[in-house]
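Here's the structure we're looking at; comments come further down.
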Amino acid sequence: MTKGLFITLEGADGSGKTTQMERIIEYFQKNNLPYLVTKEPGGVGVGEKIREILLNHKGPVSSRCEMFLYLADRAQNIDVIVQPAIAEGKMVLCDRHADSTVAYQGYARGLDVEQINMLNNIATAGRKPDLTLLFDVETSVAMQRVGNRAEKDRLESEGAVFHAKVRQGYLAIAQKEPERIKIVDANLSVEEVWTQVKRILDSEINPL
Ligand code: TMP
């Protein structure tokens, strides 16, 4: 049985991680690696309902309420989706995870980062990703990409100052954990970004 790895993708809205996710799935398929794809917020079931509130609720949502909803979704994702798949030897690819809460609710909304780290630890039952790809992009480039989307969700509608703080937050986390978090320059073209991602996967997963 292959050893399952827990791989998370992180980055600002408009960082292009969803496009790269499709390439990573093709990579798993070509290399005959069993895999499972999930996302936060909103893996399956109850997570989908939480996602709907988080992204589309029209009334006020306090920062702490928002944080706990992301954490609740995370606990469900880890317990019901991620851990069982890892135990079966699958590669688990998760679109956003604990670092998002540190960057968005911590650095950008201003909640206490140490407290978030502690709560993340509870939500994940202490399971850290084996590898995190951080798609780092200039805020102006990311906002331009998001601006082209037909409809923006609650978080995407935040301004440049908020998104610049998200980026700084991510870079600060990456500096603290260089072993786990690999920074990808996401300002470049899809092909150039993929070249970087593939190089990281080749060295971290090491397929035959
Ligand atoms: P996405 O799935 O389209 O990336 O949208 C999720 C949004 O939620 C995105 O704007 C980032 C935000 N988010 C947080 O603010 N905190 C979190 O913990 C997570 C997982 C996502």
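Here the residues Cys65, Cys94, ranked from fewest to most Cβ neighbours within 10 Å of their Cβ, fall in the order Cys65, Cys94. Springs join every pair of Cα atoms under 10 Å in this Gaussian network model of the chain, and among Gly169, Gly59, Gly89 the largest mean-square fluctuation is at Gly59.
Excluding the site residues themselves, the longest part of the chain lacking any trypsin sites (Lys or Arg not before Pro) in a DSSP loop with at most 13 other Cβ atoms within 10 Å is 59-148. Let me spell out the model: positive unit charges on the Cβ of Lys and Arg, negative unit charges on the Cβ of Asp and Glu, origin at the Cα centre of region 7-64. What dipole size does that give, in debye rounded to 20? Charge dipole of region 7-64: 120 debye, to the nearest 20.
Using just its DSSP H runs of length 4 or more, each adding -39500 (n - 2.57), the chain gives a mean residue ellipticity at 222 nm of -15000 deg cm²/dmol after division by all residues. Under the convention that each Lys and Arg Cβ holds +1 and each Asp and Glu Cβ holds -1, the size of the dipole of the chain around its Cα centre is about 160 debye.
Measuring against 32 Å, Cα to Cα, the residue pairs Lys49/Lys128; Lys30/Lys165; Lys3/Lys152; Lys165/Lys198 contain Lys30/Lys165; Lys3/Lys152 as the ones spanning a longer distance. The ellipsoid equivalent to the alpha-carbon distribution of the chain has semi-axes of 25, 21, 16 angstrom, derived from the gyration tensor eigenvalues as √(5λ) and listed largest first.
If you average the alpha carbon positions of region 137-208 and of region 53-83, how far apart do those two centres end up, in angstrom? Value for the Cα centre distance between the two parts: 21 Å.
Bear in mind that the values in this text are calculations on the coordinates, not laboratory data. The shown structure was predicted, so the numbers you read here are calculated from the model rather than taken from an experiment. When we count neighbours, we look across all protein chains shown, and the Cβ atoms used for this are built from the backbone with ideal geometry, even at glycine.
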